[in-house]
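The values are calculated or read from the model by the stated rules, or taken from the named source; none is laboratory data. Owing to the predicted nature of the structure, the values given are computational and were not obtained by experimental measurement. Please note: Cβ atoms are built from the backbone with ideal geometry, for glycine as well, and neighbour counts cover all protein chains shown. The accessibility values were calculated without ligands, DNA or RNA, using every heavy atom of the protein model including side chains. Shrake-Rupley method; radii C 1.70, N 1.55, O 1.52, S 1.80 Å.
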Amino acid sequence: MAFLRRSDNAKPDYTALQVQTSTSTLPIPIVWGQNKIAPNLIWYANFKAVPGGSGKGVRGKGGAFGAGAGAANYTYTADLIMALCEGPLTPLGEIGSGIGFIWKDLSIYVQLELGLGSFPGTTPQEVWPYLETFYPYNALAYQGTAYLWGGGYNLGNSAAIGNHNVEVYGPLATTGVNGIDADPALVIQDFLTNAQYGCGFDPASIDAGSLFTNPDSFQAYCRAMGYAFSPALVSQEQASSILTRWLQIFSTAAVWSGGLLKFIPYGDTAISAGQVQTFSREMSIPVPIPASSGGSLPALVTVAPPNQFVSDGGVVYAFSNIPLAFIGAAEPTVAGQYGMFPSGTYVFGPADQGKPIVITYTAGSAGNFTPNLTPAYALSDTDFVDEKGNKDPVQVERVDVFSLPTIQRVEVLSRGNQYSALPVEARDQSQIEIFGPRVGSTVQAHEICDEFVMGPAIAQTILQRALYVRTKFTFKLSWEYCLLDPMDIVTITDANLGLSNYPVRIIEIEEDDKGLLSFTCEELVTGVSNPAFNPNASAGGFQPNWGVPAVSINAPLIYEPPPSGTGGVAQIWVGASGVNGGGGSQWGGANVYISTDNVTYSQIAVITAPMRQGLLTASLPAAAGWDSVDTLAVDLSESCEQGSSPLTGTSQAAAQAGATLTLIDSELIAYEAATLTSSAPAYNLTGLARALSGSVGAGHSSGAQFFRIDGAIVKYNVPANFIGKTIYFKFQSFNVFGGGAEDLSTVAFYSFTPQYASTVVVSTPPNTPPTPPAHPITLQLESGFPLDMGGVNDAPTVADDFGTITAAVVDVIDLGAVAVLNPHPIAAQLLIGSVDLGLTTGAVTVSDDFGSTNDAVVDVINLGTVP
């Protein structure tokens, strides 16, 4: 049986390292600011399979094909180096190495948890001592390249390095206006001129004034707008393409003029440092740690640096408008709370992660920006060159408004959500209403890692320029105007076009073979090149939280109407509404349960509409019949939202017929006119039909309950045996999506004893309740409620021993006849009429024990007389 055993000397499952990414020709990434990249394996050695530990040789259940007792487990290790990017890294992170989180497969770690070390990529850079000691022939310093190293790196039981992604703090991190990302002006200068990885551009050929120092410089514009970014160049791309993409993101143009490269923003509105503005941002709370990591961290949403943040306007759930509670500089431990530390950074607990919210806050600008809008020339008909002499020298081209986008999307990375790519959307609702929704080409801006503030502002600016800068002008001027540059402002006066000192911005200049300069200009629409800060949904495609917990109910209606109002049928009327007007999507209705013992509940109805209920704000005198004098003052704010108008009037005849039936205490009243007195909502109801349906007209004090009786009320026919007994109601709330139902065991119960009074004789003596059934199971069966007793093997939830055998019978319930489906086999054979049972010594072929002696007889067979 040796083939059933496995040798203890079995070979390991893997004999070589499985490498996911190791490419010699892969370009070294360049990262500015704080972003996530994938490393590249550049060296490994000493791959080992170590017996023991947790490996693939997991023992099975045994047997011929199981792992057996001799199965060996292996853990694999290797020495390796993984290159990251160009250095040097900024000394930030958990241990100041320039390394943040590390994502390995589906989990997230910090550097020390994985046993990895690192070098920042300085020049010069020391050699890894482990490499120098054990592999002197491979001892390279890799200067200028930041990398991770691992000696005996644990590969687990798969012999694969796994999918690693690393958060790195590249050069210029924290130089941006938000204190996290990089300053775009500094990045562009470094990109063009860095001796190690730059484009080799001469620093003297960059106009420092337009990039850094002028009031309308690119740096001033970015600081005033709150722009910063973290580019990660991970693939080969033309330098001009990279620069063009960056300038498009920040609405800036690069101009070569006078031997200098100038950077001129399209921004056309002055911004002052400290200029305060209130913002409202809709967003989804990020999930910084995946569930597979086995841990959690608070979610941080930074809306402004501490020096720019002015005040908090509150946080509400996006779909219910229910506010979250502010707990100060602390981490929330339960849902519905938020903290703030430092100022401008909102802190949310794990219980709220992934939920859509709206944050309102006030912040100020971090810098000054003063655009240069002074026209260089005032051009008129005497300046334009008309080559052909038969047309206006100024040609106008207008874009078809039906081709312009009304929705613009920009794809950014979400730093708070593990750098996942998210589309940020900007909409112009007024243009959508006129021309319809049209989505422009999505702009990829993975350099932006803030989907909350920068992403929406950038998308809004791109949309506004595309939508409102619609007109282009072309004309020719002589060589005397050669000092004009693109991005200069000029004015145009043309009587034929009806233009008088009309400002335009030059966007292109070409010289023809005759020495004439052909200009292409765009209209200068002031204000559109700065974003309009409208409320925007910043992260891609929120879905409602279908399971948002439902709010509980106000005090419900449980009312037994007079028999004259029910046609002589014993009924209980029930209704409910969610607290605080239902809290938006927090309350969509309630399941109504009933019980006779407050232990076992059965569902009898579903309330799908909120009942209109409230309180009297003034007393109402007693009256009967038509009351045209008194006023019924009521406040419905407990069940209806502020500003709503839930009550409407009717005619006097309809009121007298009960069209606007209401219940106050035990009196049924209808009203003719409903006058809204405030936004509470509060009403004065006049023209009152009192004491309807046989109810008693009485006086009612201020604060009495008011219930509107309409289609939201459920009418339940009471079983005869319930009369005079205490029954219990529970109202299990659910949200507007039908989910988020309350735990029935925690729902409050309401007791009620129906006292049916009519000419109908219920028992003897008349109108008195019969003797209550003694057994709870009997009571459940008599109620007619659907009752699931559970599986045969389930523990009983309703039980009774039905008393002793000698006790008097108090309830008789006919459960119906039990059909005999299968007679005994011997009986079936005997019924055939002729059966040979074989020799007395033969084996038994048909047998039956006919059950216990106490079993009832189910088959009777006459075997005849014995001869």
>> Rounded, prolate or oblate, given the Cα gyration tensor of the range 180-220, with a/c below 1.5 counting as rounded?
In response: oblate
> Rounded if a/c is under 1.5, else prolate if a/b beats b/c, else oblate: with a ≥ b ≥ c from the C-alpha gyration tensor eigenvalues square-rooted, which is the range 177-262?
Replying inline: oblate
> Remind me, what semi-axes does the range 315-392 give for its equivalent ellipsoid, largest first in whole Å, using sqrt of 5 times each Cα gyration tensor eigenvalue?
Replying inline: 57, 18, 9
> Considering the range 418-489, what Rg and Dmax in Å follow from its alpha-carbon atoms?
Replying inline: 17.8, 56
> How large are Rg and Dmax for the range 115-236 when only the alpha carbon atoms are used, in Å?
Replying inline: 19.4, 60
> Assuming R0 = 51 Å, what is the FRET efficiency of Ala654 and Asn163, from their Cβ-Cβ distance, to the nearest 0.05?
Replying inline: 0.10
> How big is the range 346-486 on each of its three principal axes, counting only the C-alpha atoms and giving the largest first in Å?
Replying inline: 74, 37, 25
> Of the accessible area of the range 304-344, with the probe set at 1.4 angstrom, what percent is carbon plus sulfur?
Replying inline: 58 percent
> Just how far, in whole angstrom, is the range 430-500 from the range 344-390 if you go by their alpha carbon centroids?
Replying inline: 11 Å
>> Suppose we take every Cα in the range 212-251 and form the convex hull; what volume per residue is that in Å³?
In response: 78 Å³
> Size of the range 645-686 along its principal axes in angstrom, Cα-based, largest extent first?
Replying inline: 29, 24, 14
> According to the Kirkwood expression over distinct Cα-Cα pairs, how big is the hydrodynamic radius of the range 552-607, in Å?
Replying inline: 13.1 Å
> For the range 226-357, max minus min Cα coordinate along each principal axis, in Å, sorted largest first?
Replying inline: 62, 39, 27
> Of Lys36/Lys472; Lys262/Lys391; Lys472/Lys514, which pairs sit farther than 30 Å apart, going by alpha carbon to alpha carbon?
Replying inline: Lys36/Lys472; Lys262/Lys391
> Between Ala624 and Asn46, what is the spin-label point distance in nm, taking each point 7 Å from the Cα along the Cα→C-beta axis?
Replying inline: 10.3 nm
> Taking the Cβ-Cβ separation of Ala704 and Thr600 as r and a Förster radius of 41 Å, what is the calculated FRET efficiency to the nearest 0.05?
Replying inline: 0.75
> Could you state the number of Å between the C-alpha centres of the range 135-199 and the range 595-618?
Replying inline: 63 Å
> If you take the Cα Rg of the range 275-343 and divide it by 2.2 N^0.38 Å, with N the number of residues, what do you get?
Replying inline: 1.22
>> Sort 123-130, 181-188 by the packing proxy (mean of other Cβ within 10 Å over each peptide's residues), most packed first.
In response: 181-188, 123-130
> How much length is gained if the chain between Tyr750 and Lys514 is pulled fully straight, taking 0.36 nm per residue apart and subtracting their Cα-Cα distance, in nm to one decimal?
Replying inline: 75.4 nm
> Hey, which aspartates and glutamates would be in cross-link range of Lys48, C-alpha to C-alpha under 19 Å, not counting anything within fewer than 8 residues on its own chain?
Replying inline: Asp8, Asp13, Asp79
>> As an exercise, take the mean of 1/r over every pair of distinct alpha carbons in the range 78-159, invert it, and state the Kirkwood radius in angstroms.
In response: 13.4 Å
